[in-house]
Amino acid sequence: MKEEHHYTPSYYVWQKFISNKTAVGSLIFILSAAVVGIFAYLIMPDYSPNANESMLEIRKQYPFFQATIVKIALNKEPKTTSFWKRLLNGEEPSYKSYAVSDVQIMNDSVFIRLYVASIESIRSRVMSRNLPETTTAPATLYKPVFDHALPLVDAVRAIYPLPSTKLGGVYPGNFYIVGDTVVYLDIKENIKKESLTQLRKEFTQKNISTRIFYLGTDRQGRDMLSRVILGTRISLMIGFASVIISLALGIVLGSMAGYFGGVIDHVIMWLMTVVWSIPSIMLVIAIRMALGSKGLWVVFVAVGLTTWVEIARIVRGEIMSIKQKLYVEAARAFGYSHMRIIYHHILPNIFGSIVVLASSNFATAIILEAGMSFLGIGVQIPTPSWGNMIYEAYATINSLHAEHLIMIPCTGMGLLVLAFNFLGNGLRDAYDPKTLVSKNK
């Protein structure tokens, strides 16, 4: 005689869910995106705050563009950033990066020729030299002439930037060279000595590198891959926070309306009808104006306050049908409080519907945030959001090398929203009572 196994309904829900390959793949994709978003600053090529390192000389480059990058030390004291601060906000770079077509070290100086990215950049450089736009620029304008020349020690070390008498009044520069030795003031105004040979070696090994921009660069020469990764974090943060807010409001108000009925139900239904009748964008604008802030937290609140109505409607309808069940009547007979009956006896039985709605609202929140940022009322520049990335790309849609600028963020947003929709469909099928048929083994 075969032994019978009795499993909980959750077991059959899970078995039904994992049999849906599309839903499982979507869940893996979403979890992978969440991991990438959490550790964004640790895996991004550009780990500066908001991935905002700009190199105008290579703006609007296509994916897999490769360039030689030269780092020039900034004359400021480097900040020590802890692991957690870098994980959350990135790290301020202690150097300025340039994409170059040529770099040479001559004696005690560094000479840099910037990369000429396109005809547009050549034209801008021609116009910056006060030549007519129709003038054919001489080859010396952008080929043999170096754009930057600076002392080698200033390129490698952070030099004290203010006037000082410690070196006998050699400011500006705060350094002098004797033979192969450079004497300079460091950023803390301490006298330091370094050989030119060592500086040349260090500059060649640490300050010159070849970098591949796997998703190209935007119109300000920023790394698109870094901004897309950080945009994933922003979108998931907004989706998660807004879903929490919408669930809290929707469950509380929907439970009160469905369970108590009467005047409470009429008032809450009136409120839901009013909110439902206002276009989401108009409601978001009103909430932003009322809160009087442009911070990221306002986007969380605004999106959450516009997506709770559907949850409240579903919860209300489910509770109105469940509150007449015998086990609810039995709980009342035992003298349990209304709060306990709702949250311990009714809500667990509509958990499936709430989970499905939450996944759907996650996708809605991502799209709504993108629309807000596109209109300039969402995430504020320079913080990368898929919405403001699409807006910046739209502003350059008729210029050269701009196709990928709009395709990449649209593709990322579309894949994430599609994954949430597939996940919601899979959860809906898994929680369908008709499919939860136990099998005797």
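Table for the structure above
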{"read-out": "Residue within the range 67-84 that is at pLDDT 90 or above and not hydrophobic (A, V, I, L, M, F, W, C) present", "value": "yes"}
{"read-out": "Options Ser321, Ser373: the member that is among the polar types (S, T, N, Q), in the same structural domain as Leu418 (by TED's automatic domain parsing) and under 27 Å from Val13 (Cα atoms)", "value": "Ser321"}
{"read-out": "Any helices (runs of 4 or more DSSP H) falling wholly within the range 1-92 and containing at least 2 residues that are within 22 Å of the chain's Cα centre (by Cα) and either under 30 Å from Gly173 (Cβ atoms) or of a type in the set (Gly, Ala, Ser) (or both)", "value": "21-38"}
{"read-out": "Unmet requirement for Arg332, which otherwise passes all of (1) basic (Lys, Arg); (2) free of Cβ contacts under 8 Å to residues at least 12 places away in the same chain; (3) closer than 20 Å to Trp386 by Cα", "value": "(3)"}
{"read-out": "Residues being β-branched (Val, Ile, Thr) and closer than 23 Å to Gln205 by Cα - total across the range 32-75", "value": "6"}
{"read-out": "Scan of the range 159-208 for residues that are at pLDDT below 90 and within 24 Å of Asp102 (Cα to Cα), ordered by number", "value": "none"}
{"read-out": "Restricting the range 184-236 to residues that are among the β-branched types (Val, Ile, Thr) and surrounded by fewer than 20 Cβ atoms within 10 Å (Cβ to Cβ), the residue that is farthest from Pro172 (Cα to Cα)", "value": "Ile212"}
{"read-out": "The lone exception for Gly216 - which of (1) closer than 23 Å to Arg113 by Cβ; (2) at pLDDT below 90 it fails", "value": "(2)"}
{"read-out": "Count of residues meeting criterion [under 30 Å from Asn89 (Cα atoms), aliphatic (A, V, I, L, M) and in a helix (DSSP H, G or I)] in the range 296-324", "value": "6"}
{"read-out": "Matching entry among Leu427, Leu415 (being out of contact with any strand residue (DSSP E or B) (no Cβ under 6 Å at 6 or more places or on another chain), farther than 30 Å from Leu291 by Cβ and crowded, with 21+ Cβ neighbours inside 10 Å)", "value": "Leu427"}
{"read-out": "Selection count where residues are at pLDDT 80 or above and surrounded by fewer than 22 Cβ atoms within 10 Å (Cβ to Cβ), scope the range 376-389", "value": "4"}
{"read-out": "So Lys71, is it without any contact (Cβ under 8 Å) to a residue 24 or more places away in the chain, among the charged types (D, E, K, R), in the same structural domain as Arg157 (by TED's automatic domain parsing) and under 30 Å from Asp154 (Cβ atoms)", "value": "no"}
{"read-out": "Residue list for the range 79-99, restricted to those being in contact (Cβ under 8 Å) with a residue 40 or more places away in the chain and over 24 Å from Lys188 (Cβ atoms)", "value": "Leu87, Leu88, Asn89, Gly90, Ser97, Tyr98, Ala99"}
{"read-out": "Selection from the range 288-339 of residues that are buried (at least 20 other Cβ atoms within 10 Å of the Cβ) and of a type in the set (S, T, N, Q)", "value": "Thr306, Thr307"}
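The values are calculated or read from the model by the stated rules, or taken from the named source; none is laboratory data. Keep in mind it's a predicted model, so treat the numbers as computed, not measured. Virtual Cβ from ideal backbone geometry, glycine too; neighbours counted across all protein chains shown.
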